Amino acid sequence: MKKLIIFLILSGVIRAYGQESIEVKIEPRPSSQGVQSAFEVIVPQATADDAIKLWKKTITKKGVTGKSPKVESIKDEWVVKNIVLNEISTDQYNVYTQVSSFPDNIYVRVFLQNPDGFLGSSESSAQATEAAAKYVRNYAVDLYKQAVGKELKGEENKLKSLERDYNKMNRQNRSYDKKVNKAAKEERSVRSDLQDDKKLLKEIKKSDDTDLSADEKSASREEIEKSIKAANKDIKKAQKSQSKFEKKINKNEKAQNELQEKIVLQKEKVNEVKRELNNIR
């Protein structure tokens, strides 16, 4: 009955966006010290490495002995001996911790041994057991927040990357647009010169100007025809340049439309993770 009361008081369910829950259970579990009462918690999204790092930081921070407690890895357990955790009681504890990884979460089991036995057993102090469950839960909440915080950072980085790509295409399109306008301006200028050359050539062909010899007229016609040919070539070059950069603009605009959809979805994903993080208590 005592275990049930403690469990009901301390199971403190966190309902995050994805309906994940954090709850501490007190269950008999195998350990290096035999089957003993363990404070067991499932933490979504976290990794074993992060769990161990945070546990070391948590337990060494909470320890109030004269020196920093030593956390040892012994087989499948992390062990701290003769540590005082004021949040639980003034007793000294040997703390045995197990971390097991699964695809979507991890299991953390904490065994707290004092001179009277293991907390959570029927013989242990109800007050200390309650405090220990709260202590483990606070650690699990911090670990969950850390995991979701990492996810949030990753999703925000994805969003920034999409926005960078979108803005890069905007800059490219402005540059391409300038090149299109420049090529169009060149085409108009060449066309104007071309019209002048054609008009001049027509006049030369019709002219009966006796001041020019037949050879001079022929040379003049050849020069103008050469200029007309070059102008037509320049016009095609300008048109090709316009077409080239207009295609690039169209390609970018199509890609931007797709990116815009991805950005909208990614913003919603970021907001989802933020809501999940904000709902962790």
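None of the figures in this text is laboratory data; all of them are computed from the coordinates on show. Computed from a prediction, not measured in an experiment: that's the story for all the values here. All Cβ positions, even for glycine, are placed from backbone atoms using ideal geometry, and neighbour counts span all protein chains on display.
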(request) With a Förster radius of 45 Å, plug the Cβ-Cβ distance of residue 21 and residue 233 into 1/(1 + (r/R0)^6) and report the FRET value to the nearest 0.05. (result) 0.05
(message) Could you tell me the calculated FRET efficiency between residue 174 and residue 265, based on Cβ-Cβ distance and R0 = 22 angstrom, to the nearest 0.05?
(response) 0.25
(request) Return the single residue from 40, 155, 222 with maximal mean-square fluctuation; model: Gaussian network over the chain, springs between Cα atoms under 10 Å. (result) 222
(request) Could you tell me how many degrees, from 0 to 90 and to the nearest 10, lie between the Cα long axis of helix 48-62 and the main elongation axis, the longest principal axis, of the Cα atoms of the chain? (result) 50 degrees
(request) In whole angstrom, note down how far apart the Cα centers of segment 60-130 and segment 226-281 are. (result) 57 Å
(request) Quick one: what are the phi-derived ³J(HN,Hα) couplings along segment 122-128, Karplus 6.51/-1.76/1.60 with θ = phi - 60°, whole Hz, x for glycine and proline? (result) 5, 8, 7, 5, 5, 5, 5
(message) I need the Kirkwood Rh of the chain: take the reciprocal of the average 1/r across all distinct C-alpha pairs and report it in angstrom.
(response) 25.4 Å
(request) Quick one: among 22, 263, 235, which has the greatest mean-square fluctuation in a GNM of the chain with alpha-carbon springs under 10 angstrom? (result) 235
(request) Treating only the Cβ atoms of Lys and Arg (+1) and Asp and Glu (-1) as charged, compute the dipole magnitude of the chain about its Cα centre; round to the nearest 20 debye. (result) 480 debye
(message) Quick check: net charge around residue 101, other residues with Cβ under 11 Å of its Cβ, Lys/Arg +1 and Asp/Glu -1?
(response) -3
(message) Students often get this wrong, so check it: of 202/229; 182/236; 185/244; 150/254; 202/240, which have C-alpha atoms separated by over 24 Å?
(response) 150/254; 202/240
(request) Pull out a ≥ b ≥ c, the square roots of the eigenvalues of the alpha-carbon gyration tensor of segment 123-281, then state rounded if a/c is under 1.5, prolate if not and a/b is larger than b/c, and oblate in the remaining case. (result) prolate
(request) Could you check which residue among 101, 89, 243 shows the biggest mean-square fluctuation in a GNM of the chain with a 10 Å Cα cutoff? (result) 243
(request) State, to one decimal in nm, how far the label point of residue 81 lies from the label point of residue 258, with both points 7 Å from Cα in the Cβ direction. (result) 6.2 nm
(request) Subtracting the Cα-Cα distance from 0.36 nm times the residue separation, let me have the gained length for residue 126 to residue 189 in nm, one decimal. (result) 13.4 nm
(message) For the pairs 198/248; 247/267; 145/269; 178/237; 25/158; 53/267, flag any whose C-alpha to C-alpha distance is greater than 25 Å.
(response) 198/248; 247/267; 25/158; 53/267
(request) For residue 278 and residue 202, compute 0.36 nm times the residue count separating them, minus their Cα-Cα distance, and round to one decimal in nm. (result) 19.2 nm
(request) Enumerate the amide H contacts of residue 81 below 5 Å, restricted to partners 5 or more residues apart or on another chain; note that Pro and chain-start residues carry no placed amide H. (result) 70, 95
(message) Can you compute the modelled spin-label distance between residue 240 and residue 48, with each label point 7 Å from Cα toward Cβ, in nm?
(response) 6.3 nm
(request) Work out from phi, with θ = phi - 60° and the Karplus expression 6.51 cos²θ - 1.76 cosθ + 1.60, the ³J(HN,Hα) of each residue of segment 266-277, listed in order in whole Hz, and give x for Gly and Pro. (result) 5, 4, 5, 4, 4, 5, 4, 5, 4, 4, 4, 5
(request) Towards the positive end of the charge dipole of segment 65-189, with charges on Cβ (+1 Lys, Arg; -1 Asp, Glu), say which of 167, 68, 99 has the farthest Cα. (result) 167
(request) Set the Förster distance to 30 Å, then compute FRET efficiency between residue 247 and residue 163 from the Cβ-Cβ distance, nearest 0.05. (result) 0.75
